[in-house]
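Here's the structure, in structure tokens; my notes come after.
The values are calculated or read from the model by the stated rules, or taken from the named source; none is laboratory data. Because the structure is predicted, anything quoted here is derived from the model rather than measured. Don't worry about glycine lacking a Cβ; one is built from the backbone with ideal geometry, like all the others, and counts go over all protein chains shown. We work out accessible area using only protein heavy atoms, side chains counted, and drop any ligands, DNA or RNA first. Shrake-Rupley method; radii C 1.70, N 1.55, O 1.52, S 1.80 Å.
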Amino acid sequence: MTTHPAGVAIVTTAGPDGRPWGMTCSSLCSVTLQPPTLLVCLRGESPTLAALLEASAFAVNLLHDRAAPVADLFASGSPDRFDKVEWVPEPESGLPHLIEDAHTIADCHVSETRPVGDHVVVFGEAIQVETRANQSSSPLLYGLRQYGSLKVHSG
């Protein structure tokens, strides 16, 4: 699958104590429009997955093309990753939003999970979507072990 480029996101959640958790994810897709549902595939032993399942909620932060260093940071497992990025808790849910690095953020309620091999497929019903896109941003892609972007040309 390394030859198939995919969009890059950071899946975030909050523990019961409000502590933010998050990890880089390129295994995500839209499932249905009604109800609006997407899925993410997370490593079964991930502490982010454990916190997500406890909260039964998560945010998908779709990264823009200037956020490759943040994708690497959240893939590293660094325990202080949230100290190195700008984020805010969503006022009602407390879910961490990466406001400087995401072009779109979807808050989701867990509707179903399925273990598959060493990962868990998490289905989330989108309850709120915020687009933060501007003219100078394109989605961050990852494929062939490198980052790229989807530049939209008008004309």
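Observations on the structure shown:
- Annotation: extensible slack from residue 53 through residue 72 equals 4.5 nm (criterion: 0.36 nm per residue apart, minus Cα-Cα distance).
- Computed over region 69-135: relative contact order in percent, which uses C-alpha pairs under 8 Å that are six or more apart: 24
- Table column - 3J(HN,Hα) (Hz), region 43-55, Karplus curve with 6.51, -1.76, 1.60, x for Gly and Pro: 4, x, 8, 6, x, 5, 4, 4, 5, 4, 5, 5, 7
- Accessible area of the chain divided out per residue, in Å², using a probe of 1.4 angstrom: 56
- HN-Hα J in Hz across region 139-149 - Karplus 6.51, -1.76, 1.60, θ = phi - 60°, x for Gly and Pro: x, 7, 10, 9, x, 6, 6, 8, 8, x, 8
- Residue 32-residue 116 FRET efficiency (beta carbon distance; Förster radius 25 Å; 0.05 resolution): 0.85
- The chain, helix-only ellipticity at 222 nm - DSSP H runs n ≥ 4, -39,500 (n - 2.57), divided by all residues, nearest 500: -3500 deg cm²/dmol
- Label separation (residue 84 vs residue 4): 3.0 nm, computed from points 7 Å beyond Cα along the C-beta direction.
- Apportionment of accessible area to carbon and sulfur, region 40-81, percent (1.4 Å): 56
- With contacts taken as Cα pairs under 8 Å and at least 6 residues apart, the chain reaches a relative contact order of 29 percent.
- Here region 7-48 is described by how far its Cα atoms reach on the three principal axes: 33, 19, 17 Å, from widest to narrowest.
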